[in-house]
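Here is the structure we will look at.
The values are calculated or read from the model by the stated rules, or taken from the named source; none is laboratory data. A quick note: this is a predicted structure, and the numbers were derived from the prediction, not measured. Positions of Cβ are backbone-derived with ideal geometry, glycine not excepted, and every protein chain shown enters the neighbour counts. We work out accessible area using only protein heavy atoms, side chains counted, and drop any ligands, DNA or RNA first. Shrake-Rupley method; radii C 1.70, N 1.55, O 1.52, S 1.80 Å.
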Amino acid sequence: MLNKPVLVESLIVFSIVLFVHAVVWDRYSWCAIALAIQAFYVQFKWDRLLQLGGAVFQFRTAANSGLLPASMVIPLLGIVMKERCKSAGIVYFERFGIVVASTGMLVALFLSVIAVGVTKPVPTNTCILTGVAGSVIIYTMKHSLTVSEVIEVLEVLLIFVYLSMILLYLLPRCFTPGEALLVLGGISFVLNQLIKRSLNVIEGRGDPIDFFLLVAVVGVVLLGLFFTVLFIFMDSGTWISSMFFHMMTAVLGLGVIMPWLYRLIQRNPLFWLLQFLFQTQTRVYLLVYWTFLAASACGVVFYQNAKRSSESKKHQASTITRKYFHFIVVATYVPGLIYDRQLLYVAAVLCLAVFVVLEYIRYFRIKPFGQTLRHLLSLFLDERDSGPLILTHIYLLLGMSLPVWLFPRSCAPKGTLSGAGALVPYSGVLAVGVGDTIASVFGSTVGEIKWPGTKKTFEGTMTAIFAQIIAVALILIFDSSVNLNSSYAWILASVTLVSLLEAYTTQIDNLLLPLYLQIMFMA
């Protein structure tokens, strides 16, 4: 049987699904509801497989499978994007939203079929539910997608299958099944988009910053795969291996990634980037300010490690100490969202690439910084970093950045959506930077009444909701582009549901919460 926290988490996700489809009901609503019901039942099977150690790969053990909340993210994002772009009259991105929704449903269904297939004895009722849901989804896709769109969906599914087999084998205990669905599904979609756009380059078409994101994500993933295979055959901790790492990183960056980006944007990527970063005086001020905040974050890391050395080798950073980084990230993103979102978009991509490369250096023990990074970051480990990779800081960056990257700029002619949609770029700031941080700080210091079956407290959740409402009021004051058009009840309902999800989910909340809040705001 599923325990109470999982049941409540599922109830919250079902509520979000119903809220969204009460506003944007169409033929895909039936598919989303069928997918949610079958994912709920398959979640039983995944949890049982994880408990008995019968899953195909080694997943993170300190959490449930998270299949239901993860299965609904990509389909719901596609559906609300389709509706927003349809109302704006942008046919291309309306079709793109349909492809995103279809891809998310098919990938989630594939993960469900895997769980059902490896469960012994075969669960007859769950098989029937999965078959019915699959039939509804495939029937709808048949009558909604063109042949080229069907091929695109199948390409993403094929990439997801191969990536899952490779990365889940190489990185045991780094993901739950739900987290693997979100992360690997997102990478698969990005890789397919990059291949598609590279084969159909039209000069002057497409925003260079979108290409920059696609190439950066695919580049760092391919870099990691290359060195993972290479270091199977040689010791990564030697000076020779380290020199080879740095040399090959430069070769792949300058010899593969740069020419690829040049083909897409039709200009020198380095010159374009320098011109973009220093185009206005506001951008220079923001870059100087962000450099100061980055130095402050490094100072916190060094100070906490010095404190560990003077006190005890077993000293670990407290929850409040870890939330310092949340405050720093909020201080980073809010000025960018108000004054220059395009600069924030590009800076977040650069920061993601730097974070991932630094994690490669730590993981492979690349000299001269690999061992030092291992020592410095071990202080901030928690139960979610049970695998060989440390991903929590990368998830924090992704949670803050995804609403900025996924904001449908082409469907917002004036640079912002109407109503609650105007808050979409702020979803990460509200859900993670404000809500999750305040809930953790107040819950761990003054919280006494715990939610049934969890370590989270009622006081922490209520304070988080109140803090996010205050943050929305401050955004209205300081960001003149935000106009909520009296959609206050919807904003309150969205913030409340996502805060309750934070209290009950055992998945990576830095990744999950901003996406659900973005879905609610876009609906």
Set Lys and Arg Cβ to +1 and Asp and Glu Cβ to -1, take the dipole of segment 1-205 about its Cα centre, and tell me which of 121, 96, 65 lies farthest positive. 121
Taking Cα pairs closer than 8 Å and at least 6 residues apart, the relative contact order of segment 431-523 in percent is 32 percent
For segment 61-69, just list the computed ³J(HN,Hα) in residue order, Karplus coefficients 6.51, -1.76 and 1.60, θ = phi - 60°, integers in Hz, with x standing in for Gly and Pro. 8, 7, 8, 7, 5, x, 5, 5, x
Using the Karplus curve 6.51 cos²θ - 1.76 cosθ + 1.60 with θ = phi - 60°, what ³J(HN,Hα) values do you get for each residue of segment 9-19, in whole Hz, with x for Gly and Pro? 4, 5, 4, 5, 5, 4, 4, 5, 4, 5, 4
Below 8 Å, C-alpha to C-alpha, sequence gap of six or more: please give me the relative contact order for segment 1-205 in percent. 27 percent
What are the ³J(HN,Hα) couplings of segment 148-157, residue after residue, when phi is run through the Karplus curve with 6.51, -1.76, 1.60 and θ = phi - 60°? Round to Hz, x for glycine and proline. 5, 5, 4, 4, 4, 4, 5, 4, 4, 4
Over the chain, what is the relative contact order in whole percent, taking alpha-carbon pairs under 8 Å and six or more residues apart? 18 percent
Students often check this: by mean Cβ neighbours within 10 Å, which of 12-21, 163-172 ranks highest, and how do the rest follow? 12-21, 163-172
Options (1) 31, 28, 27; (2) 61, 31, 23; (3) 44, 38, 23 are given for semi-axes √(5λ) of the Cα gyration tensor in Å, and the computed one is (1)
Please state the charge dipole magnitude for the chain, taken about the Cα centre, from unit charges on C-beta atoms (+1 on K and R, -1 on D and E), reported in debye and rounded to the nearest 20. 520 debye
Any chance you could count the Lys pairs in segment 1-205 whose alpha carbons are under 24 Å apart, treating pairs 8 or more apart or on different chains as valid? 7
Placing +1 on each Lys and Arg Cβ and -1 on each Asp and Glu Cβ in segment 1-205, then taking the dipole about the Cα centre, the residue among 110, 24, 187 whose Cα reaches farthest towards the positive end is 110
To the nearest 500 deg cm²/dmol, what mean residue ellipticity at 222 nm is calculated for the chain from DSSP H runs of n ≥ 4 alone, each contributing -39,500 (n - 2.57), summed and divided by the residues? -24500 deg cm²/dmol
What is the set of long-range amide H partners of residue 450 at a cut-off below 5 Å, with H atoms built 1.01 Å from backbone N? 458
Dipole of segment 209-338, Cα-centred, from +1 at each Lys and Arg C-beta and -1 at each Asp and Glu C-beta, to the nearest 20 debye? 360 debye
Accessible area expressed per residue, segment 59-124, with surrounding protein chains retained (probe 1.4 Å, Å²): 32 Å²
